[in-house]
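Beneath this line is the structure, given in structure tokens, with notes to follow.
The values are calculated or read from the model by the stated rules, or taken from the named source; none is laboratory data. Quantities reported herein were computed from a predicted structural model and do not represent experimental measurements. Here the Cβ positions follow ideal geometry from the backbone for every residue, glycine too, while neighbour counts run over all protein chains shown. Remember, those area values only see protein heavy atoms, side chains included, never the ligands or the DNA or RNA. Shrake-Rupley method; radii C 1.70, N 1.55, O 1.52, S 1.80 Å.
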Amino acid sequence: MVRALALSAALMAATPVLAEDGKEAVTTFTLDNSMDVVVVEDHRAPVVQHMVWYRAGSADEPIGSSGVAHFLEHLLFKGTDTLAPGEFSATVAANGGNDNAFTSYDYTAYFQRVAADRLELMMQMESDRMRNIRLSEDDIATERDVILEERNQRTDNNPRALFGEQMNAAQYLNHRYGVPIIGWRHEMETLDMEDALSFYQTHYAPNNAILVVTGDVDPDEVRSLADQYYGVIPANPDLPERIRSQEPPQTAERRLTYKDPRVSQPYVQRSYLAPERDPGAQEKAAALFLLAELLGGGTTSYLNEKLQFEDQVVTYAGAFYRGVSLDDTTFDLLVVPAEGVSLQEAEDAMDRVVAEFIAEGVNEEDLDRIKMQLRASQTYARDNVDGIGNRYGRALTSGLTVEDVQAWPDVLQAVTGDEIIAAAREVLQLESSVTGWLMKDDEVTQ
């Protein structure tokens, strides 16, 4: 009996903390300087992930300075008043942890994953570089060369990446989402100290940041440490309102062909301008998410069943929807033609099958299967401290709320087949689309 009680206690200790409704136990509060804090408890392992998310990404950059958000991300690993260049990451590693950062259109995030008893040290260092960055001209020159080489390796030497840049630039007529996150090379080459410090002084402030702490932590302890290290940093009283140039009505179908002798596998891609997940109104986005799963979410999806296995005109078909976005996003289709099938034939087949899907309506068994798979994956996602922090950080910097994040699984489960078809009819309009062909120089198009 004693052993049974001990086993029961061990199982309880190994269970993540959940609210009464079965959702993650999330505590939120705001410091006096308007810095938002999110704490997600999970006491199964003595590990914590500490993340600071800034509501500033590449779409918030000044015109003509593309790439400065990502450039500054690199520069924050240089020195501060109290840390020598490289000392930040070296200290994290010396304490058995790992750290990194990443930049996207709507945010820049910095994180460390360490033992739970090292949380205070992480807050001390991260709050230091929020306000005390120290850069030299050598730092600027060195890191500018680093990001240019990163662009060279990841984009300029990759025809698929170059094709994707052209697709985005054609999709967004007026919005900054049409500019690559890493930047256009000719603008990256001119980034200087003034560009970096201007972006830093404007956006890197507690009232423009979200602290997300996940893992083996106590919310009251996090609040105390956050007050001690972040709460003393003054807010930026001149923080600009987050206003983006918006898209005009898109009324003309666009097409492009990208030819490159390095292309090993030609394919057809089409993107449609699509609504993002909106706070308190995620139903349409949920329908588009499920539409992508039904159309091209795997080998059993509608496009693959029809085009790959029945007609055998493609070797791959996919559909993608990026719903977490501050502004309008895209819904994408992609097909890779089989041997002997032209890009035009593959595109025509894709259009035919999508039209058939809309006309037939959603197969309820397929929809139920996908919903069940989503439930399982969302349950497993609670085991990933890194993923939890990312899920909340991406959402909150993109205009959503904690309530939206926690409601999302239920919103998905409530979507009907009719709502999915209605979303498809509304969004899959050629007038708001870009169709691109990635091909070799000598590719036969017809």
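Assorted remarks:
- Gyration tensor (alpha-carbon) shape descriptor, the range 16-128, a/c threshold 1.5: oblate
- Tensor-based shape of the range 104-161 (alpha-carbon gyration tensor, a/c under 1.5 rounded, otherwise prolate or oblate): oblate
- Applying 1/(1 + (r/R0)^6) with R0 = 25 Å to the Cβ-Cβ distance of S264 and D311 gives a FRET efficiency near 0.60.
- Orientation-averaged projected area, Cα convex hull of the chain (nm²): 24.7 nm²
- Alpha carbon centroid spacing (whole Å) that separates the range 342-368 from the range 63-109: 44 Å
- Spin-label proximity, Q153 to the range 53-96 - amide N less than 15 Å from point 7 Å beyond Cα toward beta carbon: 74
- Rounded to whole Hz, the Karplus (6.51, -1.76, 1.60) HN-Hα couplings of the range 103-109, x for glycine and proline: 10, 9, 5, 10, 7, 10, 10
- In angstrom, the C-alpha Rg and Dmax of the range 109-213 are 17.2, 49.
- q = 0.11, 0.21 Å⁻¹: log10 I(q)/I(0) that the Debye formula gives for the range 298-442, counting C-alpha atoms only: -0.55, -1.39
- Test item: Cα-centred dipole of the chain, Lys/Arg +1 and Asp/Glu -1 on Cβ, debye: 440 debye
- Protein-only accessible surface order, largest first, of W408, W53 at 1.4 Å: W408, W53
- Calculated FRET efficiency for the pair E253/N98, C-beta based, R₀ 60 Å, to 0.05: 0.85
- Full extension of the chain segment joining R44 with T190 gains 47.7 nm, where the gain is 0.36 nm per residue of separation less the Cα-Cα distance.
- Rounded percent of accessible protein surface that carbon and sulfur make up, the range 371-446, 1.4 Å probe: 52 percent
- Rolling a 1.4 Å probe across the protein heavy atoms gives the chain an accessible surface of 45 Å² per residue.
- When the solvent-accessible area of the range 277-346 is split by element, carbon and sulfur atoms take up 49 percent of it, the probe being 1.4 Å.
- Three-way shape label, the range 154-295, alpha-carbon gyration tensor, a/c 1.5: prolate
- Assigned charges on the beta-carbon of Lys, Arg, Asp, Glu; the range 42-144 dipole about Cα centre (debye): 200 debye
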